[in-house]
Amino acid sequence: MAIKIDKHLFYINTKNSSLIIEERDGYLLLKHLGRKIESYHFSNTVFERDHAFSGNPRSNERSFSLDTQRQVLGQHGLGDFRQPSLQVQHANNEVTDFRFVESQLIKGGLEVPGLPSPHSTEDAETLAFILEDTVAHLRLTLYYTAFEDSNTIATFTKLENIGRETAVIHKNLSLMADLPAGTYDVISLQGAYAREKTVRRHKLEQGIFKIASNRGASGHTQTPSLILCDSETTEEAGQVWAIQLLYSGNFEAWIQQNQLNEVRLGIGINEDNFAWKLEARQTFYSPVALLNYSAQGLTGLSHESQAFVQEHIIPKAFAKRERPILINNWEATYFDFKKEKLLELADEAQKVGIELFVLDDGWFGNRFDDNRALGDWFVNEDKLGGSLTELISEVHSRGLQFGLWVEPEMISVDSQLYRAHPDWAIQAPDRDHTYSRNQLVLDYANPDVVAYIKETLDQLLSQHDIDYIKWDMNRNITNLGNGTNYLATKMQSHKYILGLYEIVKYLTEKYENILFESCSGGGGRNDLGMMRYFPQVWASDNTDAIARLPIQYGSSYLYPTISMGAHVSAVPNHQMGRITPLATRGHVAMMGNLGYELDLTSLSDEEKAAIADQVKLYKELRPVVQLGRQYRLINPDVGSNEAAVQFNYEDQTIVTYVRVLSVVETMETTLKLKDLEEEGLYELQGNGAVYSGAELMYAGITMNLPQGDYLSRQLHFIKK
Ligand code: DGJ
């Protein structure tokens with residue numbers, strides 16, 4: 001049993017962790033969050049006294065202050081001066097005093113209405129705490145689902161208006177937890193367009209470290225997650241806590257260290273650009289958050305999170321389904337293509353063993369450049385030299401699957417859709433449009449827009465034999481103001497995301513065998529909300545192999561490799577202008593779901609032969625990379641000259657090592673491999689050398705870089 005209730009103590013346990021909550025006088029006090037404890041005896045209860053200037057809820061008990069108790073709910077206005085997790089306006093104020101009424105034990109995990117929820121499994125159990133505020137006439141339920149085998153706890157909240165008056169939610173986070181004072185570091189995955197998910201680690205200081213998005217999408221610059229660890233924690237050892245949000249819109253995540261050095265974590269919808277009108281009898285659900293704890297360092301956390309995402313977040317049909325090797329025509333042709341060019345590309349792709357042909361932007365309406373036609377999702381038969389059906393069957397007849405690009409959340413002013421429905425663009429009244437890539441965002445908060453896009457895409461998919469869809473989203477939201485009043489506009493951003501989820505849920509359930517890849521100018525919405533519907537992400541528009549190293553490395557902190565597309569592109573690289581050997585471009589892309597994004601027709605026979613070899617090799621390595629366990633060996637942080645990653649799967653091990661700049665007169669790097677069998681014998685493929693696991697782990701293997709390829713080396717071992 002993952003959940004145990006012992007009088008006023010509630011244990012939410014997984015295989016290796018415990019969250020222990022005590023109910024006292026109606027408040028939910030967090031007694032422990034960390035390594036598993038089967039039985040808690042209050043021995044280490046925090047020293048409770050009347051701290052100076054802290055609020056006490058009762059005059060006769062001066063030792064109990066909400067400001068010094070560790071809790072799971074941060075109420076506003078009652079004397080807990082840390083960051084609140086809940087702030088609701090009712091009558092003339094925002095004070096709430098929710099008190100525990102009862103708990104409920106529920107078998108399995110729950111589906112949150114309208115929002116992405118983890119797949120439930122046999123080992124899952126849910127504890128619901130039901131609380132009420134009898135003055136505000138509101139009922140709050142905090143849900144905790146323990147996924148015992150996966151060491152993960154999922155949380156969300158439900159807020160019900162059980163009174164007669166309208167209330168307004170200003171803040172309702174999905175997860176909050178307090179931890180004791182300590183010496184901690186914070187890790188976040190930060191970045192920008194074309195350099196997403198760079199790992200940043202720094203010391204936690206008194207104050208608030210907050211990351212957030214107010215872009216209408218989770219954004220390139222931050223990932224909706226935060227990691228807290230003991231300052232001595234390393235890859236392999238030490239305590240780590242992680243919070244993550246299954247949400248694709250505006251979020252906030254923060255860690256506060258208060259005046260007593262106590263630590264509070266919170267994650268949920270960003271309070272900026274948000275309010276929610278809760279009328280009598282209405283209910284509001286927060287998105288789901290995930291909580292992980294590992295005592296096995298950052299690798300332990302990554303293994304927990306990667307496995308959870310693969311088993312419980314990614315759509316079931318694709319969780320373990322190996323991904324096809326694709327060719328995408330974007331960097332090969334941009335908008336400048338005709339049917340002949342596409343088929344020449346498909347011919348070359350077929351010859352080198354590629355499995356999926358993806359037609360990117362430019363196939364519809366009057367889309368000759370990125371200034372127009374978004375919203376006009378009808379085929380440009382002139383460009384395609386016939387119907388889409390004909391093109392698809394030409395591609396299929398070559399033994400390739402067919403994929404198509406769409407950007408359904410957008411509208412161009414120069415489009416038939418805009419001419420028919422100018423009011424469907426997100427827009428504050430009486431203001432000029434603000435453009436980004438010369439396009440506007442459709443108002444998915446409007447049910448008419450949602451119905452139209454759902455129907456349009458449904459027709460596209462039902463009338464064509466499409467195997468893969470790349471769903472792009474190339475700008476952030478400005479000019480909010482389609483609501484009929486101020487509060488309606490404050491609700492627009494969250495309603496937009498609910499509209500988006502309605503569409504993608506419908507399409508991915510109806511077309512469950514289509515592989516959807518999410519993209520937002522690369523990784524502008526690389527979050528678990530999208531991943532619940534779209535099993536793969538285009539992690540960055542930056543296709544430069546060297547620039548990709550920190551992006552792929554950062555993604556691995558929380559996300560499984562199988563969720564990440566990685567392409568070999570042309571040199572000089574289109575984003576960085578760098579020239580990198582084809583072998584290294586292949587090595588780096590083979591650390592993800594391999595694809596190609598270059599004009600194969602312009603390559604020499606030698607290059608095409610090398611690509612055919614890469615494709616053949618990747619077909620052998622694919623299960624190791626996509627289904628195996630990953631180990632980070634060298635961090636390719638900005639400024640670092642090296643990177644190394646290892647994958648283990650069944651009897652196979654792959655090690656990829658990259659040295660960015662050649663160094664003269666240096667000792668080659670020795671890599672110590674991870675998690676092999678000491679007595680096992682591992683044969684290096686293509687070479688015949690045999691090493692023991694102990695040798696590879698404790699003495700290590702020297703990464704000599706072969707002549708002619710000074711940048712990288714890939715080793716493939718099979719256990720004998
Ligand atoms: C941005 C994407 O990230 C690119 O891969 C490509 O699909 C373009 N959009 C097309 O407009």
**Fill in**
Interchain or sequence-distant (5+) residues whose placed amide H lies within less than 5 Å of the amide H of V101 are I130, L131, E132
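Using square roots of five times the C-alpha gyration tensor eigenvalues, list the equivalent-ellipsoid semi-axes of region 3-313 in whole Å, biggest first. Write down the numbers at each step before the final one.
Details: eigenvalues 148, 107, 87 Å².
The equivalent ellipsoid of region 3-313 has semi-axes of 27, 23, 21 Å.
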**Message:** With unit charges on the beta carbons (Lys and Arg positive, Asp and Glu negative) and the dipole taken about the Cα centre of the chain, which residue among I269, Y506, L359 sits farthest to the positive side?
**Reply:** I269
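R0 = 22 Å: FRET efficiency of N641 with A699, Cβ-based, nearest 0.05? Don't skip to the answer; put the middle values down first.
Working: r = 23 Å, r/R0 = 1.05.
Efficiency, rounded to the nearest 0.05: 0.45.
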**Item:** If the convex hull is drawn through the Cα atoms of region 326-538, its volume per residue in Å³
**Value:** 113 Å³
**Complete:** Expressed in square angstrom to the nearest 10, the accessible area of W538 with a 1.4 Å probe stands at 10 Å²
**Request:** May I ask for the net charge around S415, where only other residues with Cβ less than 10 Å from the Cβ of S415 are counted and Lys, Arg are +1 while Asp, Glu are -1?
**Result:** +1
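Once you've got the Cα coordinates, tell me which of K158/K490; K197/K510; K197/K616; K454/K490; K672/K719; K171/K277 are over 21 Å apart.
The answer is K197/K510; K197/K616; K454/K490.
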**Message:** Using each residue's phi in region 545-561, evaluate 6.51 cos²θ - 1.76 cosθ + 1.60 at θ = phi - 60° and report the 3J(HN,Hα) Karplus result to the nearest Hz, with x for Gly and Pro.
**Reply:** 4, 6, 5, 6, 4, x, 5, 5, 4, x, 4, 5, 4, 10, 10, x, 4
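What does the helix-only formula give at 222 nm for the chain: each DSSP H stretch with n ≥ 4 adding -39500 (n - 2.57), the total divided by the residues, and the result rounded to the nearest 500 deg cm²/dmol?
Numbers: 14 runs with 140 residues, N = 720.
Dividing the helical sum by the residues of the chain leaves -5500 deg cm²/dmol.
Charges at C-beta only: +1 for Lys and Arg, -1 for Asp and Glu. How large is the resulting dipole of the chain about its Cα centre, in Debye rounded to 20? Spell out each step's value before the answer.
Values: 67 positive and 95 negative charges, 225 e Å.
The calculated dipole for the chain is roughly 1080 debye.
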**Request:** Mind checking which of V186, I654, A317 is farthest towards the positive end of the chain's charge dipole, using Cβ charges of +1 (Lys, Arg) and -1 (Asp, Glu) about the Cα centre?
**Result:** V186
**Prompt:** Which value, in Å², gives the accessible area per residue of the chain when a 1.4 Å probe is used on the protein heavy atoms?
**Reply:** 37 Å²
**Request:** Could you pull out the pairs from K15/K210; K203/K320; K4/K31; K339/K470 whose alpha carbons sit more than 26 Å apart here?
**Result:** K15/K210; K203/K320
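In square nanometres and to one decimal, what's the mean projected area of the convex hull around the Cα atoms of region 91-156? List each step's numbers first, then the result.
Numbers: hull surface 22.2 nm².
The Cα convex hull of region 91-156, projected and averaged over all directions, gives 5.6 nm².
Assigning unit charges at the beta carbon (Lys, Arg +1; Asp, Glu -1) and nothing else, what dipole magnitude in debye, to the nearest 20, does region 3-313 show about its Cα centre? Show your work: numbers first, answer last.
Numbers: 28 positive and 38 negative charges, 90 e Å.
The dipole magnitude comes to about 440 debye.
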**Prompt:** With r defined as the distance between the Cβ atoms of T434 and Q463 and R0 fixed at 30 Å, what FRET efficiency is calculated, to the nearest 0.05?
**Reply:** 0.25
**Prompt:** Karplus couplings for region 628-645 from phi (6.51 cos²θ - 1.76 cosθ + 1.60, θ = phi - 60°), rounded to Hz, Gly and Pro as x?
**Reply:** x, 9, 9, 10, 8, 9, 9, 7, x, 4, 3, x, 7, 9, 9, 8, 8, 9
**Prompt:** Using modelled amide H (1.01 Å from N, peptide plane; none on Pro or chain starts), what sits under 5 Å from the amide H of N482, excluding residues fewer than 5 places away?
**Reply:** Q427
**Request:** Return the long-range amide H neighbours of D414 (sequence gap of 5 or more, or a different chain), with a cut-off of under 5 Å between placed amide H atoms.
**Result:** A373
**Prompt:** Between region 595-616 and region 195-243, what's the alpha-carbon centroid distance in Å?
**Reply:** 38 Å
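With an 8 Å cut-off on Cα pairs and a minimum separation of 6 or more residues, tell me the relative contact order of region 3-313 in percent.
Numbers: 844 pairs, mean separation 52.3, N = 311.
Worked out over region 3-313, it gives 17 percent.
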**Request:** With a 1.4 Å probe and all protein chains in place, put R659, R578 in order of accessible area, largest first.
**Result:** R578, R659
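What's the magnitude of the charge dipole for region 642-719 around its Cα centre, counting Lys and Arg as +1 and Asp and Glu as -1 at the beta-carbon? Answer in Debye, nearest 20. Before the final figure, lay out each step's value.
Numbers: 5 positive and 12 negative charges, 54 e Å.
Using only the charged Cβ atoms, the result is roughly 260 debye.
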**Message:** With every protein chain left in place and a probe of 1.4 Å, what is the accessible surface of K510, to the nearest 10 Å²?
**Reply:** 110 Å²
**Request:** Roll a 1.4 Å probe over the protein heavy atoms and report the accessible area of R713 in Å², nearest 10.
**Result:** 50 Å²
**Request:** Quantify, in whole percent, the carbon and sulfur part of the accessible surface of the chain (1.4 Å probe; protein heavy atoms only).
**Result:** 48 percent
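Convert 4 °C to kelvin, take the viscosity as 1.567 mPa s, use the Kirkwood radius over C-alpha pairs of region 118-194 as Rh, and evaluate the Stokes-Einstein diffusion coefficient in µm²/s, rounded to a whole number. If you can, show how the numbers build up before the last one.
Working: Rh = 16.0 Å.
Answer from the Stokes-Einstein relation: 81 µm²/s.
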**Request:** Based on the mean of other Cβ atoms within 10 Å per residue, sort peptides 664-677, 439-452, 20-33 so the most packed one is first.
**Result:** 439-452, 20-33, 664-677
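Sort S54, S397 by accessible area with a 1.4 Å probe, largest first.
S397, S54
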**Complete:** Hydrodynamic calc, the chain: Kirkwood Rh from Cα pairs, then Stokes-Einstein at 20 °C with viscosity 1.002 mPa s, so D in µm² s⁻¹ is 79 µm²/s
**Whole-Hz couplings from phi, Karplus 6.51/-1.76/1.60, listed for region 95-104; x for Gly and Pro** = 7, 10, 9, 6, 10, 4, 10, 7, 10, 9
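The values are calculated or read from the model by the stated rules, or taken from the named source; none is laboratory data. Given the structure is predicted, the values throughout are model-derived calculations rather than measurements. Cβ coordinates were reconstructed from backbone atoms using ideal geometry, including for glycine residues, and neighbour counts include every protein chain displayed. Keep in mind that these areas ignore ligands, DNA and RNA; they rest on the heavy atoms of the full protein, side chains included. Shrake-Rupley method; radii C 1.70, N 1.55, O 1.52, S 1.80 Å.
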